[in-house]
Amino acid sequence: MTNIVLFGPPGSGKGTQAARLRDKYALLHVSTGDIFRAEIKNNTPLGAEAKGYLDTGRLVPDELTIRILEDFVNRNFRPEHKGIIFDGFPRTIAQAEALDGMLTAKNMPVKKVLALNVDDDEVTKRIIHRGKSSGRSDDTDETMVRKRLQVYKDQTEPLRGFYQSQGKFTSLDGEGSIDGVFELLCEEMDGIAV
Ligand code: AMP
């Protein structure tokens with residue numbers, strides 16, 4: 001099993017690259033952001049609970065996030081999947097610990113954390129650009145974008161040390177073209193013994 005965490009700030013290209021890696025390596029793609037947006041769109045109780053957090057750029061509480069993540073994996077993981085690519089999860093130490101517990105119980109721990117490094121000005125530009133076509137309300141307002149970057153620094157950046165201490169963390173330059181960054185990711189994937 002090749003379980004990978006794609007790590008990086010909002011706008012670093014995680015979603016785009018995760019979809020490509022999913023196709024090339026037969027992985028289940030798990031994006032907690034996508035799950036929340038689908039629940040909100042479908043007007044489910046979970047969507048109602050999550051909406052206020054997404055609308056204000058804050059993290060959905062760990063307990064709820066971990067529950068939906070586990071439920072999604074249990075419902076969608078198939079024998080043909082060669083692993084899971086996590087995109088936008090974990091975002092806190094508590095989530096990373098819960099993920100370790102869940103995957104250890106399934107005997108398939110995280111193999112590697114691949115981090116896309118993109119600086120603040122560049123991610124801000126990319127997100128605002130994405131907002132023009134996606135219509136995501138959290139992507140169109142620069143104040144909200146800055147807020148999400150701050151949340152990332154405060155709550156998610158510490159995961160770098162968490163995974164470094166497990167010897168799983170690899171940093172990559174995420175500022176190249178989509179194809180260029182994909183190539184860097186594939187080199188890492190191909191270097192993982194499966
Ligand atoms: P994303 O699409 O990954 O940028 O996520 C959009 C929003 O969904 C975030 O700003 C959070 O409000 C929420 N969200 C997504 N993933 C998580 C997570 N792992 N933990 C908490 N909140 C999350």
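If amide H atoms are built 1.01 Å from N in the plane of the peptide, which residues on other chains or at least 5 residues away come under 5 Å of the amide H of PHE7?
Under 5 Å from the amide H of PHE7 lie the amide H atoms of LEU114, ALA115, LEU116, each far enough along the sequence or on another chain.
Using the Kirkwood radius over Cα pairs, work out the Stokes-Einstein diffusion coefficient for the chain at 10 °C and 1.306 mPa s, in µm²/s as a whole number.
Translational D for this selection: 93 µm²/s.
Set the Förster distance to 25 Å, then compute FRET efficiency between LYS153 and ARG67 from the Cβ-Cβ distance, nearest 0.05.
0.45
Residue separation times 0.36 nm, minus the C-alpha to C-alpha distance between GLU187 and LYS168: what's the value?
Extending this stretch completely gives an extra 5.3 nm.
Placing +1 at every Lys and Arg Cβ and -1 at every Asp and Glu Cβ, with all other atoms neutral, what dipole size does the chain have around its Cα centre, in debye to the nearest 20?
420
Calculate log10 I(q)/I(0) of the stretch 129-194 for q = 0.21 Å⁻¹, where I(q) comes from the Debye formula with a single equal point scatterer on each Cα and nothing for solvent.
After summing over all Cα pairs, the log10 values are -1.04.
Would you mind checking which residues have amide H under 5 Å from HIS29's amide H? H placed 1.01 Å from N; only 5 or more apart, or other chain.
ILE85
Ignoring ligands, DNA and RNA, what percent of the 1.4 Å accessible area of the stretch 2-183 is carbon and sulfur?
50
Can you give the accessible area of GLU183 in Å² (nearest 10), computed on protein heavy atoms with a 1.4 Å probe?
The accessible area comes out at roughly 120 Å².
Please calculate how many Å² of accessible area the chain carries per residue, with a 1.4 Å probe and no DNA, RNA or ligand atoms counted.
49
List nothing, just return the count: lysine pairs in the stretch 2-183, 8 or more apart or interchain, with Cα separation under 15 Å.
Count of close lysine pairs: 9.
The values are calculated or read from the model by the stated rules, or taken from the named source; none is laboratory data. Quick caveat: nothing in here was measured; it's all calculated off a predicted structure. Neighbour counts run over all protein chains shown; Cβ positions are idealised from the backbone, glycine included. Accessible surface is based on the protein model in full, side chains and every heavy atom, while ligands, DNA and RNA are left aside. Shrake-Rupley method; radii C 1.70, N 1.55, O 1.52, S 1.80 Å.
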